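The values are calculated or read from the model by the stated rules, or taken from the named source; none is laboratory data. If you're wondering where the values come from, they're calculated on a predicted model, not measured in any experiment. Every residue, glycine as well, gets a Cβ built from its backbone with ideal geometry; the counts of neighbours run over all protein chains shown.
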Amino acid sequence: MQSQLSHDPDRFTLAVEVAQRAGERALAFFERRDALVIERKSSVQDLVSQADREVESLIRAAIATTFPDDAVLGEEEGLRTGRSNYTWVVDPIDGTSPFLNGQPNWCVSIAVRGPRGIETGVIAAPVLRETYLAARGAGATLNGRRLQIDPATSLTSANIGYGATSRTAAVDAAAFVERLYRESGILFRNGSGALMLAYVAAGRLAGYYDPGLSAWDCYAGLLLVEEAGGVAEFDGSDDMLTRGALRAGTRAVVEDLRRLSAGLGDAPR
């Protein structure tokens, strides 16, 4: 019975379908990206394009048709309140800068938050032909293959994702990198927080630290890591509108990331 499930299967099914459709639409834009109109938001690294807006509109329309009472929080259009206990948290193109510069490391990220927290997470990376799925209590997969983080993973088992952008003070970013390298860690960055969380879930990265993410950047990835057997900490507020620091990996790696980032300022909120 549905009451025994930790996620709503109908919303999970829609999230998967919509992410695939959104990925196809985004990929069509990607293949003709030279024609896109580009705008800047808060900084030179904070970009938005026609593709972001249209892909988010597609996702919102699909949700409104099937679950009209659900709230939707998206990076481009903000929060549309609802009357149910469910909120869809959407980043239409996470990794807009890689997207606009012809790199494959961008994705569509969709999460569903229900009465008991994040229930569904979908990350679709069309150029990479990868789809990551997570459902609360049902595990995480990559293209149908079950994901399981090795509990023995340490800070030096693989690279560490780092998500600081120009919002982070240069002195804090430099301090974290120095501390990481003093302990023989190696930094990795691909411009997409959602994908770096997915890589943690897939065992491609030992861990991921970001001094300041929004809910739409990380909610799907948080569930992926947890359902793959890892630990994910996000310091953003419960209203989903306040940025916060994020640490993900095994418990040991998360403890190391907490220690390495101690005393460093988070990104301005």
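What to note about this one:
- Here is the figure for segment 205-214: residues that are farther than 15 Å from Ala111 by Cβ and either in a loop (DSSP other than H, G, I, E, B) or charged (D, E, K, R) (or both) total 3.
- Yes/no for Tyr199 being touching a helix residue (DSSP H, G or I) at 6+ places or on another chain (Cβ under 7 Å), crowded, with 22+ Cβ neighbours inside 10 Å and of a type in the set (Phe, Trp, Tyr): no
- Residue in segment 157-204 that is farthest from Asp217 (Cα to Cα), counting only those that are in a loop (DSSP other than H, G, I, E, B) and of a type in the set (Val, Ile, Thr): Ile186
- In this entry, Thr13 passes the filter for residues that are among the β-branched types (Val, Ile, Thr), part of a helix (DSSP H, G or I) and either closer than 23 Å to Ala134 by Cβ or modelled with pLDDT under 95 (or both).
- Residue satisfying all of: in segment 232-269; more than 23 Å from Ala170 (Cα to Cα), buried (at least 19 other Cβ atoms within 10 Å of the Cβ) and of a type in the set (A, V, I, L, M, F, W, C); farthest from the chain's Cα centre (by Cα) among these: Val253
- Taking the listed residues Leu195, Leu142, Leu147, Leu155, the one that is closer than 17 Å to Glu255 by Cα, in contact with an Asp or Glu (Cβ under 9 Å, 6 or more places away or on another chain) and at pLDDT 95 or above is Leu155, with no other qualifying.
- Within segment 215-260, the set of residues being assigned to a loop (DSSP other than H, G, I, E, B), over 23 Å from Trp106 (Cα atoms) and at pLDDT 95 or above comprises Gly229, Thr250.
- Counting only residues that are outside any strand (DSSP E or B) and either modelled with pLDDT under 95 or not polar (S, T, N, Q) (or both), segment 58-83 holds 17 of them.
- Single condition Glu227 does not satisfy, out of (1) under 16 Å from the mean Cα position of the chain (by Cα); (2) under 14 Å from Ile160 (Cβ atoms); (3) of a type outside the set (A, V, I, L, M): (2)
- Residues satisfying the stated conditions in segment 125-156, i.e. in a loop (DSSP other than H, G, I, E, B), among the β-branched types (Val, Ile, Thr) and within 21 Å of Glu227 (Cα to Cα): Ile149, Thr153
- Flag if Arg136 is crowded, with 16+ Cβ neighbours inside 10 Å, within 22 Å of Ala245 (Cα to Cα), charged (D, E, K, R) and in contact with a strand residue (DSSP E or B) (Cβ under 7 Å, 6 or more places away or on another chain): no
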